[in-house]
Structures are given as C-alpha cells and as structure tokens.
Amino acid sequence: MVDTENQKPGTLTIKHAALTAGIATLIMALTVPIAEFRILPLLIDFKNAALTFSNIRQSPTLYSTAILIQFTTIICDLILAWAIYYLIRPFSRKLALLAAWARMVYAGFNIAAVMNLIHVMALVNLSDGLKGITTSQVHDQVLISLRTYNYEWRLGLLHGTVTLTCQFSAFTFQFST
C-alpha cells in the first residue's frame, strides 16, 4: 500500500489527486451536455445549411461559448489524465501510463473535433470576403465541417468508452492488490 502518512509537507497526496480527478470529472459532466445537447442543437440544422449558417452568424457569442466549453472539457481531460496517472502509479506504473495516455488520446480526438467548430467560425466570419465561392458553397462547407465535428466527436466517445474501461480496470486492479 501507499504510505500517505509520512509524505513531506507540500507534496501532492493521493487524496488531492483524487479530489482533482473528481472536480475535473464533475466539470466535464456539467459542461458537455450544455454544449452538445443545448447550445449546438439550437444553432445547427443538419437539413438546412443556410439556416445553420444564419443561426451561427446571428449568435456568435452563443457559438463561441460552445467552443469555449469544449476547450474547458479538453483541459479537464488532460488534468484528469494526470490525476489518473498519479492515482494508479503507486500500484502499477505501466497501468497508470496506459490509463493516462488513453485519456490524453481521447483529449486529442476532442481537439481534432473542435478544430472543425473553429473552421466553421472562420467561414462564417470571413464569408463576405471570399471570392470565387458562392454563398451556397460556403453554407455547404459550414455544414460539412459541422458534420465532420459530429463524426469525430462520436469517434472520440467510442474511444472514451475504451478509456473508461481501461481506467475502471486500473482502479479495480489498484484496490484488489
């Protein structure tokens, strides 16, 4: 077992790492549904590119808030990866690395997905200055980027399920030894 009684003052304890992991998880559990199930559905109509473009153009603050929430989630994912490593490391360094890296890969999937949301913002903001491209083409490109975001986000969720399984296995191993 890990000796937390004799740690030097000012050093990080497993209790602090667990608290950090819990707070990061709580923040993600509260913010992701706001962006994914409230804000983005208000703005995006996958059957109407022009309406989606118009919604995002008329509500740039709301759209930017969804992006900010996604980046907050990514930061929390990285903090959680560190905390998971710190929590599992005393029991199995290899398992701790596997769990932490899996979480960081998951964050990488989310970064790739969110870049599509930023691309949409750029298209919406710069659409008036684009030459040689029709308005309809810009609208279609916005919808393509949003669909790409959606597919990448779902792929990230699939990987996240594997990550959670890995982390659960690590914690089970940790407490069974």
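A few notes on this one:
- A single entry from Leu12, Leu26 fulfils the requirement of being out of contact with any strand residue (DSSP E or B) (no Cβ under 9 Å at 6 or more places or on another chain), free of Cβ contacts under 8 Å to residues at least 60 places away in the same chain and not hydroxyl-bearing (Ser, Thr, Tyr): Leu26.
- Listing of helices (runs of 4 or more DSSP H) fully contained in the range 25-119 that carry 2 or more residues being farther than 23 Å from Val138 by Cβ, β-branched (Val, Ile, Thr) and within 11 Å of the chain's Cα centre (by Cα): 60-88
- Selected residue (criterion: least open to solvent (accessible area, probe 1.4 Å)) from residues of the range 37-52 that are farther than 16 Å from Ile118 by Cα and among the hydrophobic types (A, V, I, L, M, F, W, C): Ala49
- When the residues of the range 62-96 are filtered to those that are farther than 19 Å from Gly156 by Cα and free of Cβ contacts under 8 Å to residues at least 12 places away in the same chain, the one that is least open to solvent (accessible area, probe 1.4 Å) is Arg89.
- Residue within the range 53-60 that is open to solvent by 60 Å² or more (accessible area, probe 1.4 Å) and of a type in the set (A, V, I, L, M, F, W, C) present: no
- Any hit, the range 80-94, residues being within 21 Å of Ala113 (Cα to Cα), modelled with pLDDT of 95 or more and out of contact with any Asp or Glu (no Cβ under 6 Å at 6 or more places or on another chain): no
- Number of the exception - Ala18 against (1) surrounded by 15 or more Cβ atoms within 10 Å (Cβ to Cβ); (2) in contact (Cβ under 8 Å) with a residue 24 or more places away in the chain; (3) small (Gly, Ala, Ser): (1)
- Residue in the range 123-131 that is crowded, with 16+ Cβ neighbours inside 10 Å, part of a helix (DSSP H, G or I) and among the charged types (D, E, K, R) present: no
The values are calculated or read from the model by the stated rules, or taken from the named source; none is laboratory data. Predicted, not measured: the structure shown is a model, and the values here were computed from it. Positions of Cβ are generated from backbone atoms using ideal geometry, with glycine treated the same way; all protein chains shown enter the neighbour counts. Keep in mind that these areas ignore ligands, DNA and RNA; they rest on the heavy atoms of the full protein, side chains included. Shrake-Rupley method; radii C 1.70, N 1.55, O 1.52, S 1.80 Å.
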